[in-house]
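Below you'll find the structure, written out as C-alpha cells, and then a few comments.
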Amino acid sequence: MTYCVGLLLRAGIVLLSDTRTNAGMDNISTYRKQFLFEEPGERVIAIMTAGNLSVTQTTLARLREAIDGPDDVAHRSIMHAHSMLQVAEIIGATLAEVRQSVDEKMAGGPGQGAAASMIVAGQRRGGDMRLFLVYSEGNFIEATEDTPFLQVGEHKYGKPILDRVVRPETSLDDARKAVLLSMDSTLRSNLSVGMPLDLCVMERDACRIGLQQRIEAGDQVFGAMSQAWSNALRDAFQKITI
C-alpha cells in the first residue's frame, strides 16, 4: 500500500509520498512514488502514484517515452501540453490504456483487477496551478478552495489533521508541517506505509521545483517533530474534561 498527499494553496503546492510497496508481509520493497518533470520557468509537473506497481511503472514509462519521442507523438507528451488540464487528460488516457491492457492479461486469474491512481500537480507559465486525482479509468477530480488537498492510498489516518488545519491561505511552511504530521499519523497506524519519504514544494508562478527532499528513516528533524506532536496530543487530551 502507500500514502501520498498533495495540497493546493494560494502560495503554491506541497506534495509528500512514502516509498513502501508490499505484496504480502514477507515481500516488502522500496520504490519511489513521486516523479518530477521540469522545464524551469516554463512548466513543472509532479506525479505521485498508488496502486498496482506494474500499472504505475508502465504508465510512467509510456509518459517518459512520449516526452523523448519524435514529433508525431508530441501530442501525448505532458511537456508539450497546453494546460494542466490537458496534462491530466494525457495521464488519465495513458493510465486507462495500461490498466486495461494489464486487466486483459490477467483475465481469468485471481484478484479484482489492476487498480491504480495518481495525483498530478503543477503549473504551466501563464496558467493556473492545479492539482488532480486521476483514477484507473482515466477520469479525474480536481482540488478546489473548498477541498484544497487530495490523497491516495491509506488516506484515512492522515486526513483528520488536514481537515482541521489546511486552508487555501495556509503558508507553505505550515503546509509542510501539516503533510509531515499527516504522514506521521499514517506511519504509526499502518505498517503498509513506510519511509523514506519524498517531499516536494512548488511556489506559485515560479514554474520550478522550490524544494525536493528525501527524508530517511531516523531523520532527527522528523523524529523530533513526531515526538512533539505526540506530546502535544497527550497534553491536550489531559486538559479536556467531560
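Please state which one of LEU150, LEU162 is closer than 17 Å to VAL5 by Cα, modelled with pLDDT of 95 or more and not in a helix (DSSP H, G or I).
LEU150
Assigned to a loop (DSSP other than H, G, I, E, B) and within 14 Å of SER17 (Cβ to Cβ): does that describe SER192?
In short, yes.
Determine which single condition ILE78 fails, assuming it passes every other condition in (1) part of a helix (DSSP H, G or I); (2) touching a helix residue (DSSP H, G or I) at 6+ places or on another chain (Cβ under 8 Å).
(1)
Residues that are part of a loop (DSSP other than H, G, I, E, B) and surrounded by 13 or more Cβ atoms within 10 Å (Cβ to Cβ): does region 218-226 have at least one?
yes
Somewhere in region 205-215, is a residue of a type in the set (S, T, N, Q), outside any strand (DSSP E or B) and more than 22 Å from ALA88 (Cβ to Cβ)?
Taking every residue of region 205-215 in turn, none turns out to be of a type in the set (S, T, N, Q), outside any strand (DSSP E or B) and more than 22 Å from ALA88 (Cβ to Cβ).
Determine if region 53-65 includes at least one residue that is surrounded by 14 or more Cβ atoms within 10 Å (Cβ to Cβ), free of Cβ contacts under 8 Å to residues at least 24 places away in the same chain and touching an Asp or Glu at 6+ places or on another chain (Cβ under 9 Å).
Taking every residue of region 53-65 in turn, none turns out to be surrounded by 14 or more Cβ atoms within 10 Å (Cβ to Cβ), free of Cβ contacts under 8 Å to residues at least 24 places away in the same chain and touching an Asp or Glu at 6+ places or on another chain (Cβ under 9 Å).
Take MET195 and decide whether it is of a type outside the set (S, T, N, Q) and without any contact (Cβ under 8 Å) to a residue 60 or more places away in the chain.
So MET195 fails the test.
Restricting to region 165-187, name every residue that is of a type in the set (S, T, N, Q), within 19 Å of SER230 (Cβ to Cβ) and touching a residue at least 60 places away in the same chain (Cβ under 8 Å).
SER182, THR186
Just for region 124-148: of the residues that are over 18 Å from MET48 (Cα atoms) and small (Gly, Ala, Ser), which one is surrounded by the fewest Cβ atoms within 10 Å (Cβ to Cβ)?
Ranking the qualifying residues of region 124-148, first place goes to GLY126.
So in region 227-242, with the set limited to residues that are over 12 Å from LEU181 (Cβ atoms) and of a type in the set (A, V, I, L, M, F, W, C), which one is surrounded by the fewest Cβ atoms within 10 Å (Cβ to Cβ)?
Among residues in region 227-242 that are over 12 Å from LEU181 (Cβ atoms) and of a type in the set (A, V, I, L, M, F, W, C), the one surrounded by the fewest Cβ atoms within 10 Å (Cβ to Cβ) is ILE242.
Exactly one condition in (1) farther than 25 Å from ARG43 by Cβ; (2) surrounded by 12 or more Cβ atoms within 10 Å (Cβ to Cβ); (3) of a type outside the set (Ser, Thr, Tyr) is false for CYS200; which is it?
(1)
Can you give me the number of residues within region 149-160 that are surrounded by 22 or more Cβ atoms within 10 Å (Cβ to Cβ) and either of a type in the set (Val, Ile, Thr) or more than 14 Å from the chain's Cα centre (by Cα) (or both)?
Qualifying residue count, region 149-160: 1.
Could you say which residue among GLU104, GLU97 is farther than 30 Å from ASP163 by Cβ, modelled with pLDDT of 95 or more and either within 13 Å of the chain's Cα centre (by Cα) or assigned to a helix (DSSP H, G or I) (or both)?
Only one candidate passes the filter, namely GLU97.
Restricting attention to region 2-49, and to residues there that are buried (at least 17 other Cβ atoms within 10 Å of the Cβ) and in a loop (DSSP other than H, G, I, E, B), which single residue is modelled with the lowest pLDDT?
In this case the residue turns out to be THR2.
So which residues in region 107-125 are at pLDDT 95 or above and within 19 Å of the chain's Cα centre (by Cα)?
Matches in region 107-125: ALA116, SER117, MET118, ILE119, VAL120, ALA121, GLY122, GLN123, ARG124.
Taking only pairs six or more apart or across chains, which ones have beta-carbon atoms under 6 Å, a first residue in region 218-229 that is on the phi < 0 side of the Ramachandran plot, and a second residue that is surrounded by 15 or more Cβ atoms within 10 Å (Cβ to Cβ)?
Qualifying pairs under 6 Å: PHE222/ILE215; SER226/ASP184; TRP229/LEU181.
The values are calculated or read from the model by the stated rules, or taken from the named source; none is laboratory data. Everything numeric here is computed off the predicted structure, so don't read it as measured data. With ideal geometry, Cβ positions are generated from the backbone for all residues, glycine too; neighbour counts draw on all protein chains shown.
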